[in-house]
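**Student:** Below is one structure. I have some questions about it.
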Amino acid sequence: MPELAAACGDLGVAGVGLWRAPVQRYGVAQTARLVRDAGLTVTSLCRGGFLTAADPAGRRRALDDNRAAVDEAAGIGTGTLVLVCGGLPPGDRDLYGARERIADALAELVPHAAGCGVRLAVEALHPMFASDRCVVSTLGQALDLAERFPADRVGVVVDTYHLWWDDRAPAQVERAGRAGRIAAFQLADWCTPLPAGVLLGRGQLGDGSVDFRFWRELVTAAGYTGWTEVEIFNEALRARDGREVLAETLERFRAHVL
């Protein structure tokens, strides 16, 4: 965390999205102090979610963990908690039932999140993750869940890695923008062949198939004025020096997004 804050300061990065595990290791209060002293805005915390458990004990554990995630988000000073909503429980094949359990869980979480000043952001993941990580596979499905709640309580994430392939997504971005539902905008490239364990297959900007300028113009036209996050999970990039990767990402952002 200190290396991240220092690199962001040196390279002129004003905002940073954080993940729970590093925040927990460093400490919520310590992280809040670190980013505040560095002049950084925490754009979002990732992730809550995994809300599809069908058994009562699993459901209680998920709700407790998400309330803790809300508290952590508030503690580090961000108003956005990204939700990866969860896949099918073992032996379950009911996608529709799993999505309804997400809606039920959101109904329980929204009051606590509202009291903490945190907005829940439902993220649609590429359909290849539907079985194990997220039964919400399209932006339309994410909006169908979010729209059951006030827009300032539940929004959606527009993530190019998960949505770039879907020709229905532009209309759904417009739908989200009209309602003020876009809570986060995230970028990563789609590169093939995908690695084993496809979760770590996100590519550096400009290395794959995504037209980032198109997506930036799309969310801007929809009225989004918030932060743009680059969210890349990639073993080869992780093996390199973090400051070097951050500097490269800024160069790619200027070349492919602006």
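**Student:** Name the residue, out of 74, 239, 151, whose mean-square fluctuation peaks in a Gaussian network model built on the chain with Cα pairs under 10 Å.
**Tutor:** Answer for the Gaussian network model of the chain: 239.
**Student:** A follow-up question, please. Can you list the residues of the range 37-75 with backbone N under 17 Å from a point 7 Å past the Cα of residue 21, pointing along Cα to Cβ?
**Tutor:** Correct set: 45-50, 69.
**Student:** Extension gain residue 128-residue 33, at 0.36 nm per residue separation less the Cα-Cα distance, in nm? List each step's numbers first, then the result.
**Tutor:** Details: separation 95, 0.36 × 95 = 34.20 nm, distance 3.84 nm.
Here the answer is 30.4 nm.
**Student:** Another one. Show me, for the range 11-27, the HN-Hα J-couplings you get by feeding each phi into the Karplus relation (A = 6.51, B = -1.76, C = 1.60, θ = phi - 60°), rounded to Hz, glycine and proline as x.
**Tutor:** 9, x, 8, 9, x, 9, x, 10, 9, 4, 4, x, 5, 5, 5, 7, x
**Student:** At a Förster distance of 30 Å, what's the computed FRET efficiency of residue 167 paired with residue 107, Cβ-Cβ distance as r, to 0.05?
**Tutor:** Details: r = 32 Å, r/R0 = 1.06.
With a Förster radius of 30 Å, E is 0.40.
**Student:** Length gain on complete extension for the stretch residue 244 to residue 10, per 0.36 nm per residue less the alpha carbon to alpha carbon distance?
**Tutor:** On the way: separation 234, 0.36 × 234 = 84.24 nm, distance 1.18 nm.
Full-extension gain reported as 83.1 nm.
**Student:** Quick one: ranking 96, 224, 26 by accessible area, 1.4 Å probe, largest first, what do you get? Please list the in-between numbers first.
**Tutor:** On the way: 96 170, 224 35, 26 85 Å².
The ordering from most to least exposed comes out as 96, 26, 224.
**Student:** Quick one: with all protein chains in place, what share of the accessible area of the range 23-85 is carbon or sulfur, to the nearest percent (1.4 Å probe)?
**Tutor:** After summing per-atom areas, the C and S share lands at 48 percent.
**Student:** Once neighbouring chains are kept in place and the probe is 1.4 Å, which whole percent of the accessible area of the range 159-240 is contributed by carbon and sulfur?
**Tutor:** 52 percent
**Student:** Still on this structure, I have one more. Roll a 1.4 Å probe over the protein chains and send me the accessible area per residue for the chain in Å².
**Tutor:** 45 Å²
**Student:** Follow-up question, since we're still on this one. If R₀ is 22 angstrom, what is the calculated FRET efficiency for the pair residue 179 and residue 67, using the beta carbon separation as r and rounding to 0.05?
**Tutor:** E between residue 179 and residue 67, to the nearest 0.05, is 0.25.
**Student:** Please state the charge dipole magnitude for the range 32-101, taken about the Cα centre, from unit charges on C-beta atoms (+1 on K and R, -1 on D and E), reported in debye and rounded to the nearest 20.
**Tutor:** About 40 debye.
**Student:** Could you order 63, 218, 4, 258 so the one with the most accessible surface comes first? Probe is 1.4 Å. Show your work: numbers first, answer last.
**Tutor:** Details: 63 10, 218 35, 4 70, 258 105 Å².
Reading off the accessible areas and sorting them downward yields 258, 4, 218, 63.
**Student:** Arrange the residues 149, 185, 50 by how much accessible surface each exposes, largest first, with a 1.4 angstrom probe.
**Tutor:** Listed by decreasing accessible area, they come as 50, 149, 185.
**Student:** Within the range 187-258, list the GluC sites (Glu not before Pro) lying in a DSSP loop whose Cβ has at most 13 other Cβ atoms in a 10 Å radius.
**Tutor:** For GluC sites (Glu not before Pro) across the range 187-258 that sit outside H, G, I, E and B with at most 13 neighbouring Cβ atoms in 10 Å, the list is empty.
The values are calculated or read from the model by the stated rules, or taken from the named source; none is laboratory data. Being a predicted model, the structure only gives us computed values, none of them experimental. No Cβ is skipped: glycine too gets one built from the backbone with ideal geometry, and neighbour counts run over all protein chains shown. Only protein heavy atoms, including side chains, enter the accessible area calculation; ligands, DNA and RNA are left aside. Shrake-Rupley method; radii C 1.70, N 1.55, O 1.52, S 1.80 Å.
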